[in-house]
Amino acid sequence: MRFCGLKKKFLFMSVLLWIMAFSGYALAAHWGYEGETGPGHWGAMNPDYGLAIGNRQSPVDIVESAISGHGKTLSVHYRDGYFTIINNGHTIQCAPIATGENYITLDGEKYELQQFHLHAPAEHTINGTAPDMELHFVHRDATGRLAVMALFFDKGDENAALSAAWSEIAKFDERAKPKPLKDILAITNLLPENLATIQYNGSLTTPPTNEGVLWVVLKGHAKASMAQLSAFNSTIGNNARPTQPLNGRIFYESENGDRN
């Protein structure tokens with residue numbers, strides 16, 4: 001009788017695993033940046049990723065000739081403070097520990113900073129050329145709308161503002177949780193002096209690539225040393241989604257920007 005019970009249990013588990021495998025709950029490939037899990041396959045990997053084949057996707061090539069119209073005025077309200085850091089397997093991501101202290105406004109509409117993360121090389125290109133790295137400051141307003149402010153990095157001098165995070169970059173561990181940085185992160189020093197922007201409507205650049213995202217791309221660039229760029233690349237690798245068709249979208253430009 002005991003053997004019969006074990007046999008039934010084994011049969012039940014086998015059927016359960018078969019159902020899970022064909023329902024997408026098991027053996028499903030996790031998205032990545034190359035091969036069969038790369039960006040060209042995201043739209044077919046998971047029903048939730050269907051927008052990966054939408055018509056307002058990001059990143060895009062920012063073509064100066066397509067700039068038409070005045071964008072929203074940017075005001076940055078960031079405070080140096082304590083952040084958490086995590087290697088989530090796709091990027092290095094930092095998030096403010098205190099809420100309400102870091103936000104931007106666009107024509108007076110407030111978007112609170114949720115986190116920032118990096119891509120190398122840059123995901124957006126400028127007239128076909130990709131800068132060395134791109135940082136995304138992800139913001140959300142009270143209704144859930146997203147505004148992502150993008151900052152490009154070019155190879156140059158060491159970036160002191162990145163040092164607090166770079167000193168604690170760790171290898172990916174799926175069991176890891178965000179941990180507090182030991183030092184205050186001078187987030188205000190990450191920003192360029194010039195806060196003029198190019199804006200357009202797009203999407204998240206990682207699955208599920210939801211559309212309806214307002215992109216605010218800073219025209220001023222920052223610098224990062226070769227050692228800092230190499231440290232990111234050796235830990236994460238290439239994590240840039242290729243540029244997507246513009247599909248008739250236009251860019252808006254704002255020469256006005258300030259910080260408070």
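If you find the alpha carbon centre of the stretch 223-237 and of the stretch 174-213, how far apart are they in angstrom?
First find each Cα centre; the distance between them is then 17 Å.
With the cut-off at 24 Å, tell me which of the pairs Lys110/Lys219; Lys72/Lys110; Lys72/Lys219; Lys182/Lys219 have Cα atoms farther apart than that.
Lys182/Lys219
Could you check the simple spin-label distance between Ala160 and Ala196, using points 7 Å along Cα→Cβ, in nm with one decimal?
Distance between the two pseudo-spin positions: 2.7 nm.
Can you pull the one-decimal nm distance between simple spin-label points at Glu101 and Asp258, each 7 Å off the Cα toward Cβ?
About 2.4 nm, to one decimal.
If you average the sequence gap of Cα pairs under 8 Å that are 6 or more apart and divide by the length of the stretch 46-259, what percent do you get for the contact order?
So the answer I get is 32 percent.
How big is the stretch 46-259 along each principal axis, measuring the range of its Cα positions in Å and listing the largest first?
44, 38, 36
Hey, what angle do you get for helix 2-23 against the long axis of the chain, alpha-carbon based, 0 to 90 degrees rounded to 10?
Approximately 30 degrees, to the nearest ten.
Would you mind computing, in nm to one decimal, how far apart the modelled labels at Ile53 and Ala227 are, each placed 7 Å from Cα along Cα→Cβ?
Inter-label distance under the simple model: 4.7 nm.
Which peptide among 93-101, 113-121 comes first, and what is the full order, when sorted by highest mean count of other Cβ atoms within 10 Å?
Ranking, from highest mean packing down: 113-121, 93-101.
Between helix 226-236 and the chain, what is the angle of the helix's C-alpha long axis to the longest principal axis, kept within 0 to 90° and rounded to the nearest 10?
The two axes meet at around 20 degrees.
Quick note: the coordinates plus some simple rules give every number you see, no bench work behind them. Small disclaimer: the values here were computed from a predicted structure and weren't measured. Here the Cβ is made from the backbone with ideal geometry for all residues, glycine too, and neighbour counts use every protein chain on show.
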